[in-house]
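Visitor: To start, I am sharing the structure in question, which I have written as structure tokens.
The values are calculated or read from the model by the stated rules, or taken from the named source; none is laboratory data. Just so we're clear, the structure is a prediction, and the values are computed from it rather than from any experiment. All Cβ positions, glycine included, derive from the backbone under ideal geometry; neighbour counts span all protein chains shown.
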Amino acid sequence: MSLDSIPVIDLGPFLEGPEPARREVARRFGAAFETCGFASIVNHGVDPALVERMYAEAERFFAQPFADKLAWTPPEQTKGRGYLPLGIESVAATLAGETPPDLCEALVFASLQRERAGQGLPNIWPSAPPGLAAAVETWFDAMFALCQRL
């Protein structure tokens, strides 16, 4: 599948338009999920500055020395929350045969709504960079509000 074949859904008519426009956006979502399983959205109303801020803070986190990042990977929760170093996962492991580890690292957070309700494992919030937690929380809240509208 190429990027050109990923359906792009304009949420503007859904968020601001009359009922027939809202239904058409819903129909397009349904068609996208039935044909390829996902879609890209535009005009969603989430401030691009929130996304840019979160990416900037994430870049600062990943630019830290390995030992500093590794401090946010408790051994008992390696894949559930916090920092996942290179080589910890292998998506290809679902296939038969020998599979190499993935060449990616990640910083994993779960639903803030569940965390705030005391459900499931708590998120692991690195103390550096100092703006990371606030940036992620602000973005999560904006995305949750969008999900509620959808």
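Visitor: Any residue that is surrounded by 12 or more Cβ atoms within 10 Å (Cβ to Cβ), modelled with pLDDT under 80, out of contact with any Lys or Arg (no Cβ under 8 Å at 6 or more places or on another chain) and not hydroxyl-bearing (Ser, Thr, Tyr) - is there at least one of those in the range 76-83? Lay out the reasoning, then the answer.
Guide: Step one: of the range 76-83, the residues surrounded by 12 or more Cβ atoms within 10 Å (Cβ to Cβ) are 77-78, 80-83.
So of that shortlist, the ones also modelled with pLDDT under 80 come out as 77-78, 80.
With the extra rule that they be out of contact with any Lys or Arg (no Cβ under 8 Å at 6 or more places or on another chain), the set shrinks to 77-78, 80.
Among the residues that remain, those that are also not hydroxyl-bearing (Ser, Thr, Tyr) are: 77, 80.
Yes, the range 76-83 contains a residue that is surrounded by 12 or more Cβ atoms within 10 Å (Cβ to Cβ), modelled with pLDDT under 80, out of contact with any Lys or Arg (no Cβ under 8 Å at 6 or more places or on another chain) and not hydroxyl-bearing (Ser, Thr, Tyr).
Visitor: Can you tell me which residues in the range 1-24 are β-branched (Val, Ile, Thr) and either within 18 Å of Ala145 (Cα to Cα) or in a strand (DSSP E or B) (or both)?
Guide: Residues satisfying the conditions are Val8, Ile9.
Visitor: For the structure I just gave you, tell me whether Ala67 is more than 17 Å from Trp139 (Cβ to Cβ) and in the same structural domain as Pro126 (by TED's automatic domain parsing). Walk me through how you get there before you give the answer.
Guide: Numbers: more than 17 Å from Trp139 (Cβ to Cβ): yes; in the same structural domain as Pro126 (by TED's automatic domain parsing): yes.
Yes.
Visitor: Given the residues Arg23, Arg28, which is the only one that is surrounded by 14 or more Cβ atoms within 10 Å (Cβ to Cβ) and either outside the structural domain of Trp139 (by TED's automatic domain parsing) or in contact with a Ser or Thr (Cβ under 9 Å, 6 or more places away or on another chain) (or both)? So that I can check it myself, show each step before the final result.
Guide: Numbers: Arg23 fails: surrounded by 14 or more Cβ atoms within 10 Å (Cβ to Cβ).
The match here is Arg28.
Visitor: In the range 53-74, which residue that is surrounded by 12 or more Cβ atoms within 10 Å (Cβ to Cβ) and of a type in the set (Asp, Glu) is farthest from the chain's Cα centre (by Cα)?
Guide: Ranking the qualifying residues of the range 53-74, first place goes to Asp68.
Visitor: So which residues in the range 20-58 are at positive phi and in contact (Cβ under 8 Å) with a residue 12 or more places away in the chain, if there are any at all?
Guide: Step one: filter the range 20-58 for residues at positive phi, giving 37, 43, 45.
Scanning the range 20-58 gives Asn43, Gly45.
Visitor: Could you list all residues from the range 113-150 that are in contact with a helix residue (DSSP H, G or I) (Cβ under 9 Å, 6 or more places away or on another chain), surrounded by 12 or more Cβ atoms within 10 Å (Cβ to Cβ), free of Cβ contacts under 8 Å to residues at least 12 places away in the same chain and farther than 20 Å from Glu57 by Cβ?
Guide: Across the range 113-150, the qualifying residue is only Gly120.
Visitor: Right, here's the next one. How many residues does the range 89-104 hold that are of a type in the set (Ser, Thr, Tyr), loosely packed, with under 13 Cβ neighbours inside 10 Å and modelled with pLDDT under 70? Please lay out each step first, then the result.
Guide: To start, the set of residues in the range 89-104 that are of a type in the set (Ser, Thr, Tyr) comprises 90, 94, 99.
Imposing the further condition that a residue be loosely packed, with under 13 Cβ neighbours inside 10 Å reduces the set to 94, 99.
From what is left, the residues that are modelled with pLDDT under 70 are 94.
Within the range 89-104, residues that are of a type in the set (Ser, Thr, Tyr), loosely packed, with under 13 Cβ neighbours inside 10 Å and modelled with pLDDT under 70 number 1.
Visitor: Which of the following residues is at pLDDT below 90 and either in a helix (DSSP H, G or I) or over 30 Å from Gly12 (Cβ atoms) (or both): Leu121, Leu146, Leu107?
Guide: After applying the criteria, what remains is Leu121.
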